[in-house]
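The values are calculated or read from the model by the stated rules, or taken from the named source; none is laboratory data. Because the structure is predicted, anything quoted here is derived from the model rather than measured. Cβ placement follows ideal geometry from the backbone for every residue including glycine, while neighbour counts extend to all protein chains displayed.
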Amino acid sequence: MRATHVAALCAFALAQQLGSADGAGSQLPAAQGPPIRAKCPTNIGITVADAEKTAAWYEATFGLARRKSGTFPQGKFILLGSPSLEVEIIQHEASVDARRELKISNDYLQRGVFKVGFYVDDLDATIARLKERQVRLLMEDGRDPELHLRFALIADPDGNTIQLFQNLP
C-alpha cells in the first residue's frame, strides 16, 4: 500500500479534558473564537524497540521515504514521510512496552491513543498486498453500515494498531 493511496489521514482527533492536581479533572473553558481545524499532512510519533526494523516496515508497507535521522544521548530517531503522512520513530534506551509490562490484552484498555487510521481507495486490494507482505492482520472485513465504511485492522512490528478504512457508496 503506497502512501499516495492514502486519501485522507485525518481519521483520528483527540479531545481531552484538562486535568487538575488531584486527578479529578476540570471542564474546559468556554470556547473563544472558532475551533482549530486540523489539516493533513499528519504526523504520528511512536516509540519502538528497534528503530531501523520499524522504519524498514513503514517504508515497505506505506511507501514512506526517509526524511531525516539522527541520534540523541539515549537513543535515535528516524523521520519518514510522504505528502500526506509523517511517521516519527523514536528508539530510547529507557522506553518500555507498557502493554507487555502491564499485561494489557487490548490496546483500547490502555489510556491514550490506541490506534491510528488511514483511508484507502480499495480495501480488498490493500488487504491482498498486506497478505503478500505477511503483515499481521487483526481484522480483515469490518463494516460500519451507519457510517458507510469498511475497515481492517493491522499491527506494525511493535504491535501498534493501524486501522484501514474504505468509504462505501
Next on the checklist: Residue under question is Glu93, and the condition is that it be free of Cβ contacts under 8 Å to residues at least 40 places away in the same chain, more than 29 Å from Ala65 (Cβ to Cβ) and among the acidic types (Asp, Glu); does it hold?
Outcome noted: no
Checklist entry - Out of all the residues in the range 104-118, which are assigned to a loop (DSSP other than H, G, I, E, B), at pLDDT below 80 and either more than 24 Å from Phe62 (Cα to Cα) or not hydrophobic (A, V, I, L, M, F, W, C) (or both)? => result Ile104, Ser105, Asn106, Gln110, Arg111, Gly112
Checklist entry - Just one of Asp121, Asp158 is at pLDDT below 95, in contact with a helix residue (DSSP H, G or I) (Cβ under 7 Å, 6 or more places away or on another chain) and surrounded by 14 or more Cβ atoms within 10 Å (Cβ to Cβ); which is it? => result Asp158
Checklist entry - Since Thr61 meets every condition but one in (1) surrounded by 14 or more Cβ atoms within 10 Å (Cβ to Cβ); (2) at pLDDT 95 or above, which condition does it not meet? => result (2)
Next on the checklist: Can you list residue pairs whose Cβ atoms sit under 6 Å apart, with the first residue in the range 63-77 being in contact (Cβ under 8 Å) with a residue 12 or more places away in the chain and part of a loop (DSSP other than H, G, I, E, B) and the second being loosely packed, with under 15 Cβ neighbours inside 10 Å and of a type in the set (D, E, K, R)? Count only pairs 6 or more apart in sequence or on different chains.
Outcome noted: Gly63/Arg2; Gln74/Glu93
Next on the checklist: Could you tell me how many of the residues in the range 127-169 are within 22 Å of Gln91 (Cβ to Cβ) and touching a residue at least 24 places away in the same chain (Cβ under 8 Å)?
Outcome noted: 9
Checklist entry - When the range 138-159 is examined, which residues are found to be in a strand (DSSP E or B) and either out of contact with any strand residue (DSSP E or B) (no Cβ under 6 Å at 6 or more places or on another chain) or among the aromatic types (Phe, Trp, Tyr) (or both)? => result Asp141, Asp144, Phe151
